[in-house]
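Contents: one structure, followed by commentary.
Please treat every number below as a calculation from the coordinates, not as lab data. Quick caveat, the model's predicted, so the values are computed rather than measured. So basically every Cβ, Gly included, is an ideal-geometry build from the backbone, and we count neighbours across all protein chains shown.
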């Protein structure tokens, strides 16, 4: 396990050269989008671009005013880079051409949709500004100092975790009617799919192998060259896609493995990172094409795999990244219809967050619906959950005041977690707990529930591999 050199940031410092390169790419990107938007000769597109620039400039403040104690794994810096890659780049056509159509707002003109896009960008920028202020002005809170023993017989324990995950996968498949039925359920209507899958909370156990290989890598850096390790990663990916049909459930753990590798080597491996980006686009396309092929299938045949080649996978993958962030933007219907057509939730969706870790069976009342389920039901007329995003969920609950409050609380939590990681990062397993936080934590229904599941299972794995920790006080 990697140690920290004196004066070295535990967050893996960004070199001055890399920082300049990032900023050069950032301003070059803004210029590129600006030229494209200017050539549209439309006032509503200009407004979208102006709001976009405001959000982007606020987003990149941690890079523009970079501090020595920051690094690629610092929550403010990682949030900046991940939001740029996962949101801004995917929405580039919308910032250049505007939004011509939205699936949940078919009667809205392009001009009306662009007003909503600009409003969302402004609210996002406001939220980020509040988050940064909160992070820097709130007092430091004490964090526990936790010490785990170094794990022993790690390979044997990984095999046990793999058997546990495979057993859970088998039970899950049988509960859905067999492996073939489990794969074909993606082709059913949202109502039928929801009725079959709902209430089956065994899915949390299917995360065990994915998180287990992350812990394995964090404790044995050289295992990254071991084919057996990548065999375990492949099995974990098959379990994830087979059980949930979610492509992100396959891709995100690979990105988390890269973050752990960055932590170990103390720098960003450019070639490996670029290769992972290419792999992600390909897998989104290939797995998406397979899922589409099951929509009209009763049994799996060779036809379900025909047409899945390199070119079609990349083409479909790029289209999926773009469409999910524009025509399927889950936050815009909320801004369009709240509070005029639908009332404020006044905290109902956050009650769903608070009760997320508690099993429904032991609660004396029914759990309130999460924001994603409410969005799907009310705005889209579907039982499928449609993520709103943090901004729109806060807006739906308490309007603009809600956006300010939720992002202020997020800044406090970021500061506490950054300090917790700084104090405990050498303790076995803490890097896995931390990267799960970096990647999944957000105060909205979809992300927070994933974070609770991932953190709970990560802690269980660390306890299984290392035993009970020692609490050495607070700092």
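Among the residues of the range 58-72, just one is within 21 Å of residue 87 (Cβ to Cβ) and free of Cβ contacts under 8 Å to residues at least 40 places away in the same chain, namely 60. No other residue among 362, 386, 378, 404 is more than 22 Å from the chain's Cα centre (by Cα) and under 29 Å from residue 343 (Cα atoms) apart from 378.
Only helices (runs of 4 or more DSSP H) whose full extent lies in the range 47-166 are considered here, and the ones with at least 1 residues that are under 26 Å from residue 426 (Cβ atoms) are 61-64, 75-83, 110-137.
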